[in-house]
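Taking it in order: structure first as structure tokens, then the write-up.
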Amino acid sequence: MKNNVIAFILFLTLSSPAFANVTLPNLFSDNMVLQRNTEVAIWGWANPQEEVVISPSWNNEVYKVKASNQAKWEIKIPTPKEGGPYTISIKGYNEIVLKNILIGEVWICSGQSNMEMSAAWGIENGDEAVKKAMNPNIRFFSIPKLTATAPQNNVSGNWTECTPETMKNFSATGYFFAKRLQEDLKNVPIGLISSNWGGTPAEIWTPEEVIQKDAVLLESAKTRKEETYGPNQPGRAFNAMIYPLAGFKIAGVIWYQGESNVGSSVYDKTFSALITSWRKLWNYEFPFYYVQIAPYQYGEDHFGGVEIRNAQRKVLQEVANTGMVLTTDISTIEDIHPKDKKSVGTRLANLALVKTYKTNTDLVNGPLYKDIKIEGNKVIVAFDYAEGLHFTNKKSNQFEIAGADNVFYTAEASIKNNTVILKSNKVPHPVKVRFAWTNIAQSNLFNKANLPASSFLSE
């Protein structure tokens, strides 16, 4: 008799899928931030054809959706202007109530160790920043290091409020970015999703099929060495650490990576493919702001570091709605992890405030190479963002010119009408220019905002 009862209970358990619980990806949790003034997607799983009822407290409307035969449901709901805290009720056979939700601006912070680097690593003035980091209007979601050979539909993690304890181990660049945004955006809530992995090349953050379908990218990807501290196979971090976020409405991305691609001659193409593939996944052209890698002694026998800096500069022209901050003036050549992360985060935020939020019109870019004009034995170099162009020590030995033989010589450089004029007795017929063209070069050309010029090689 007892066995029959057990068998009957087991039968009921196995034959009652109709009462499967509604579940949510971990991205939807207490304390989260949703993007303001838009429509946001909310999704999860339930029994096939189960009705799911969503009710956000900011408008007390009721939204209904049925789960598909794949047991998945998704619905778009409108969000108001910034504010909170709110709740969202999600009800099927069970009910989930998400609490302490804010409406504001959501940014993904991604890249390698310089983005990952937290106050706990020992940043400049880190202890003081940690003490002051009680800010319930900044929220963090940290994604653990994960790989997958196929795109995933969920990721570990949960949203937390910014406190000294949570900020201490979160991306310092991301935190200072949020703090600076709040100064101009009047304390609008900021949600930061941190998805980064030290020592990783750009290829692992790019969909595998994008690399596989492009012979140039594939050839370059094959040169990435296997490392003990992380993967080198295309798509592995993308599948596990980016794909599960797709559809979660974001304001944009900040990115800090490049050191692990030193040696690549096609980084501009690789990086452009990464940005384009992320935007395709989200289905809109969100802003993508990134940090140019800092000067570092990668070795005297090659120009690997400066070539990456130049490639990053070129991406600005190749991919729309991007921005780049330089760090040559706030880093030391001995440390691949520059400790002044406050300046980096602030510069990224200044870009966003001008380009995305349009709250001011400050000059937020350093001088960027525009073109050259050759007049006899002289070369006139023009720059964008050149107002107040000056050398830090009144003169510069960082410009070189070459003739048709492609042999570069240091040029005499002078500034006139916010252009740089170059000449060298050794190059009577110049055709090419390069600037700050070593791995360790720290630019000595600045504009009136005291922002440095990028290394460049004229094409």
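Readers should treat all values here as calculations from the given coordinates under stated rules, not as data from a laboratory. Just so we're clear, the structure is a prediction, and the values are computed from it rather than from any experiment. Here the Cβ positions follow ideal geometry from the backbone for every residue, glycine too, while neighbour counts run over all protein chains shown.
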### Task
Report the extension gain between ALA246 and ASN418 in nm, rounded to one decimal, defined as 0.36 nm multiplied by the number of residues separating them, less their alpha carbon distance.
57.5 nm
#### Entry: Sorted by Cβ density within 10 Å, fewest first, the residues LYS131, LYS314, LYS426, LYS339
LYS131, LYS426, LYS339, LYS314
### Query
What whole number of Å gives the distance from the Cα centroid of region 232-279 to the Cα centroid of region 311-352?
16 Å
### Query
Hey, fewest Cβ within 10 Å first, where do MET115, MET324, MET134, MET167 land in order?
MET134, MET324, MET115, MET167
### Query
Which shape class, rounded, prolate or oblate, goes with region 314-446 when its Cα gyration tensor gives a ≥ b ≥ c as root eigenvalues, a/c under 1.5 marks rounded, and past that a/b bigger than b/c marks prolate?
prolate
### Query
Which of (i) 1.01; (ii) 0.98; (iii) 1.06 is the computed Rg/Rh (Cα atoms, Kirkwood Rh) for the structure on display?
(iii)
### Query
By the scheme Lys and Arg +1, Asp and Glu -1, what is the net charge of all other residues having a beta-carbon under 14 Å from that of GLY230?
-1
### Query
By average Cβ neighbour count within 10 Å, what is the ranking of 428-441, 173-186 from highest down?
173-186, 428-441
### Query
Can you give the net charge of the other residues whose Cβ lies under 10 Å from the Cβ of GLU51, counting K and R as +1 and D and E as -1?
+2
#### Entry: Of VAL33, ASN153, LEU316, farthest towards positive along the dipole that unit charges on Lys, Arg, Asp, Glu beta carbons give the chain
VAL33
### Query
Using alpha-carbon positions, what is the distance between the centroids of region 114-182 and region 380-459, in Å?
38 Å
### Query
Ordered by packing density, taken as the mean number of other Cβ atoms within 10 Å over each peptide's residues, highest first, how do 264-270, 331-337 rank?
264-270, 331-337
### Query
Along the charge dipole of the chain, Cβ charges K/R +1 and D/E -1, which of ALA352, TYR243, ALA120 sits furthest on the positive end?
ALA352
### Query
To the nearest 20 debye, what is the magnitude of the charge dipole of the chain about its Cα centre, counting +1 on the Cβ of each Lys and Arg and -1 on the Cβ of each Asp and Glu?
620 debye
### Task
With only Lys, Arg, Asp and Glu charged, each at its Cβ (+1 for the first two, -1 for the last two), find how big the charge dipole of region 14-101 is about the Cα centre; round to the nearest 20 debye.
80 debye
### Query
Taking the Cα centre of the chain as the origin and placing charges on Cβ (Lys, Arg +1; Asp, Glu -1), which of ILE77, PHE140, PRO338 is farthest toward the positive end of the dipole?
ILE77
### Task
Counting helices only, and only those DSSP H runs with n ≥ 4, report the 222 nm mean residue ellipticity of the chain as the sum of -39,500 (n - 2.57) divided by its residues, in deg cm²/dmol to the nearest 500.
-6500 deg cm²/dmol
## Note on the structure
Which of LYS91/LYS342; LYS225/LYS249; LYS64/LYS132; LYS91/LYS249; LYS91/LYS213 exceed 32 Å between C-alpha atoms? The answer is LYS91/LYS342; LYS225/LYS249; LYS64/LYS132; LYS91/LYS213
### Query
Relative to the Cα centre, what is the charge dipole magnitude of region 104-355, using +1 at the beta carbon of each Lys and Arg, -1 at the beta carbon of each Asp and Glu, and rounding to the nearest 20 debye?
700 debye
### Query
aspartates and glutamates near LYS72 by alpha-carbon distance under 20 Å, same-chain residues fewer than 8 away left out - which ones?
GLU39, GLU50, GLU51, GLU95
### Query
Under the classification rounded if a/c is under 1.5, otherwise prolate if a/b is larger than b/c and oblate if not, where does region 368-457 fall, given a ≥ b ≥ c as square roots of the Cα gyration tensor eigenvalues?
prolate
### Query
What area, in nm² and to one decimal, does the C-alpha convex hull of region 14-101 cast on average over all directions?
5.4 nm²
### Query
Most exposed first by the Cβ proxy, i.e. fewest other Cβ within 10 Å, how do THR346, THR149, THR87 rank?
THR149, THR87, THR346
### Query
DSSP beta bridges in the chain, what fraction antiparallel, as a percent rounded to 5?
65 percent
### Query
Tally Lys/Arg at +1 and Asp/Glu at -1 over every other residue whose Cβ is under 14 Å from the Cβ of ARG309; what's the total?
-1
### Message
Shape verdict for region 302-377, please, from the Cα gyration tensor: rounded (a/c under 1.5), prolate (a/b greater than b/c) or oblate.
### Response
oblate
### Message
List the residues, sorted by chain then number, that are 5 or more residues from ILE190 or on another chain and whose placed amide H is less than 5 Å from its amide H.
### Response
GLU105, ILE138, ARG139
